[in-house]
Amino acid sequence: MTPNPASDCCLLLGTQFTQNNSTSPHKPPLVKKTRHCMYVCVCVCVCVYVSTSQETDLPDRSAIKASSSTEWLERWSRSKECLISHLLAVCLFALLFGVVWSITGKECLPGGNLFGIIILFICSVLGGKLVGMIQLPTLPPLPPLLGMLLAGLLLRNVPYVTDAIFIDTHWSAALRNIALSIILTRAGLGLNPEALNRLKAVCVRVAVGPCVVEACSAAVVSHFLLGLPWVWGFILGFVLAAVSPAVVFPSMLLLQREGYGVEKGIPTLLLAAGSFDVILAITGFSTCLGIAFSTGSTWMNILKGLLEVVGGIVAGMILGMFLYCFPSNDQDLVLRRTLMLLGLSTFSVFFSHVIGFAGAGSLCILVLAFLAALGWKTEKAPVAEMVGRSWDVFQPLLFGLIGAEITIKELSPSTVGLGMACILIGLVIRLLVTFLLVNYGGFNLKEKLFLSVAWLPKATVQAAIGSKALDMARKEGDEALIKFGSDVLTLAVLAILTTAPVGALGIGLAGPRLLARQVKAEETEGEATPSDL
């Protein structure tokens with residue numbers, strides 16, 4: 001019979017325990033219980049250690065000792081490095097908190113702006129991670145932005161938590177404007193003139209037609225259902241009309257990787273048209289926003305809106321050419337270009353508010369980023385990557401802040417119900433218009449249906465510009481304008497909550513069923529033949 005060291009150790013310890021108890025009958029009960037617990041713990045630890053370190057075939061004991069010693073040394077080294085790394089992170093965080101607290105005082109404590117921003121950021125990141133972990137078979141993952149939005153919504157509406165987490169409206173508006181500048185910069189860098197030239201008419205139709213028609217239909221419906229003025233109806237229409245690159249792009253890249261629709265160029269079409277759709281919606285929104293907050297006659301307001309468009313384009317062209325020429329080539333070229341690009345973009349947004357031409361800033365960013373990328377050519381990729389990293393930081397803040405703007409108890413049931421009606425009517429009209437506009441693009445019926453479904457999701461642009469009208473209304477101090485801005489923001493959040501998950505799941509479900517798959521060469525070679533079976 002093979003000896004078992006674990007059993008021998010347990011028997012020895014148990015015998016010792018019995019002897020000690022029998023020879024010391026007069027010891028206090030507490031000492032006995034303590035000693036009993038110690039012996040039990042030691043027995044369990046020895047049994048677990050010996051049993052886990054044994055091999056079933058019982059190799060040479062010297063080899064076991066050598067390998068176990070090496071393994072324990074490696075484990076100790078890794079544990080030591082991990083412990084030191086965690087301690088260093090804690091020390092750095094404590095040091096950073098101490099420095100910021102010594103400068104800002106109460107802002108870092110519960111109820112302060114910095115404390116609220118940090119908690120909101122952490123909760124938004126965790127919410128995005130949790131939603132991203134929801135993975136259904138054969139379907140793309142849900143967009144993490146939903147978790148970020150819900151995290152802000154919960155922090156705003158949970159009792160007692162709301163009192164501790166406070167973010168001033170000016171701080172919130174500034175952070176959202178920075179996030180907007182990053183979104184517009186990425187959109188300008190993502191414009192692909194070659195794809196537009198290749199796809200030509202169908203790309204323009206898909207980018208322009210559904211966006212304009214949905215904006216107009218939403219403006220008309222909101223005017224009669226919600227009582228919004230015409231210019232505010234078009235502000236709402238262009239907020240709702242933009243498709244979401246954050247939802248469409250990952251889903252389409254997943255289908256493209258699997259070969260669905262590649263032969264007809266459907267993923268390329270949607271990826272190219274998405275950027276132009278966003279730019280058109282933001283341009284229309286900026287123009288209407290400038291008209292809505294202008295004072296004077298109607299014709300002067302329209303003239304000012306057109307002046308904002310022209311001024312934004314001209315300023316963007318000048319700054320774009322400046323970025324193309326400067327900085328000169330050196331070893332930190334990517335970093336310098338990224339910092340200058342983001343710096344000019346952020347400055348354009350805030351400076352346009354200072355001079356009273358709020359709509360010009362967005363157009364300026366789009367044009368300057370596009371022209372700079374056009375001049376950089378192949379060198380724009382590392383810059384776009386660094387801008388994307390900055391978006392990874394501001395995305396949780398943006399969606400968390402948007403969710404935190406909604407107070408559920410202040411929502412009117414009629415506003416929510418009529419707002420959902422406006423959204424659904426606009427989506428139905430958009431779906432039909434998209435189906436009609438791709439009619440002459442060489443697509444079959446299934447591909448037309450897929451293109452119509454894939455062109456529905458809303459998220460990023462709605463979060464970026466949905467609160468902009470409300471921020472400007474708060475500066476004006478007009479209660480009527482604040483009410484209109486609140487309605488626009490409420491419908492933007494409702495559009496995100498309804499269309500983002502439905503759109504992501506719709507693309508994932510409809511893609512494999514409606515699109516033809518282009519089989520890759522390696523898959524064809526790897527298929528089993530009858531002889532193999």
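A few remarks follow.
- Taken together, Ala219, Ala273 contain a single residue that is of a type in the set (A, V, I, L, M, F, W, C) and touching a residue at least 24 places away in the same chain (Cβ under 8 Å), which is Ala273.
- The conditions of being surrounded by fewer than 23 Cβ atoms within 10 Å (Cβ to Cβ) and either within 20 Å of Ser181 (Cα to Cα) or under 24 Å from the mean Cα position of the chain (by Cα) (or both) are not met by Phe285.
- Single match in Gly417, Gly356 (criterion: of a type in the set (Gly, Ala, Ser), outside any helix (DSSP H, G or I) and either without any contact (Cβ under 8 Å) to a residue 24 or more places away in the chain or in the same structural domain as Val310 (by TED's automatic domain parsing) (or both)): Gly356
- Helices (runs of 4 or more DSSP H) lying entirely in the range 117-226 (those with 2 or more residues that are charged (D, E, K, R)): 169-190, 193-199, 201-225
- Qualifying residues in the range 429-486 (those that are free of Cβ contacts under 8 Å to residues at least 40 places away in the same chain and in contact with a Ser or Thr (Cβ under 7 Å, 6 or more places away or on another chain)) - the one farthest from Ile183 (Cα to Cα): Phe435
- Filter result (closer than 20 Å to Trp391 by Cβ and either without any contact (Cβ under 8 Å) to a residue 12 or more places away in the chain or of a type in the set (Phe, Trp, Tyr) (or both)) within the range 318-353: Arg336, Leu339, Gly343, Phe347, Phe350
- Only residues that are crowded, with 24+ Cβ neighbours inside 10 Å and in a helix (DSSP H, G or I) were counted in the range 247-266, giving 6.
- When the criteria are applied in full, Gly485 fails the requirement of being in the same structural domain as Val428 (by TED's automatic domain parsing), in a helix (DSSP H, G or I) and over 18 Å from Ile402 (Cβ atoms).
- Residue check, Glu385 under 23 Å from Leu323 (Cβ atoms) and either modelled with pLDDT of 90 or more or surrounded by 20 or more Cβ atoms within 10 Å (Cβ to Cβ) (or both): yes
- Residue match in the range 327-336 (condition: part of a helix (DSSP H, G or I), in the same structural domain as Asn197 (by TED's automatic domain parsing) and surrounded by 20 or more Cβ atoms within 10 Å (Cβ to Cβ)): no
- Condition met for Leu397 (part of a helix (DSSP H, G or I), within 27 Å of the chain's Cα centre (by Cα), touching a residue at least 60 places away in the same chain (Cβ under 8 Å) and closer than 29 Å to Leu142 by Cβ): yes
- Test: residue in the range 123-133 that is charged (D, E, K, R), without any contact (Cβ under 8 Å) to a residue 24 or more places away in the chain, under 21 Å from Gly403 (Cα atoms) and touching a helix residue (DSSP H, G or I) at 6+ places or on another chain (Cβ under 8 Å): yes
- Filtering the range 435-454 to residues that are aromatic (Phe, Trp, Tyr), outside any helix (DSSP H, G or I) and in contact with a Lys or Arg (Cβ under 7 Å, 6 or more places away or on another chain) leaves only Phe443.
- Residue in the range 101-115 that is within 25 Å of Gly403 (Cβ to Cβ) and in contact (Cβ under 8 Å) with a residue 60 or more places away in the chain present: no
- Test result for Ile134, touching a Gly at 6+ places or on another chain (Cβ under 7 Å) and either farther than 30 Å from Ile279 by Cα or charged (D, E, K, R) (or both): no
The values are calculated or read from the model by the stated rules, or taken from the named source; none is laboratory data. In this text, all values refer to a predicted model and were calculated from it rather than measured experimentally. All Cβ positions, glycine included, derive from the backbone under ideal geometry; neighbour counts span all protein chains shown.
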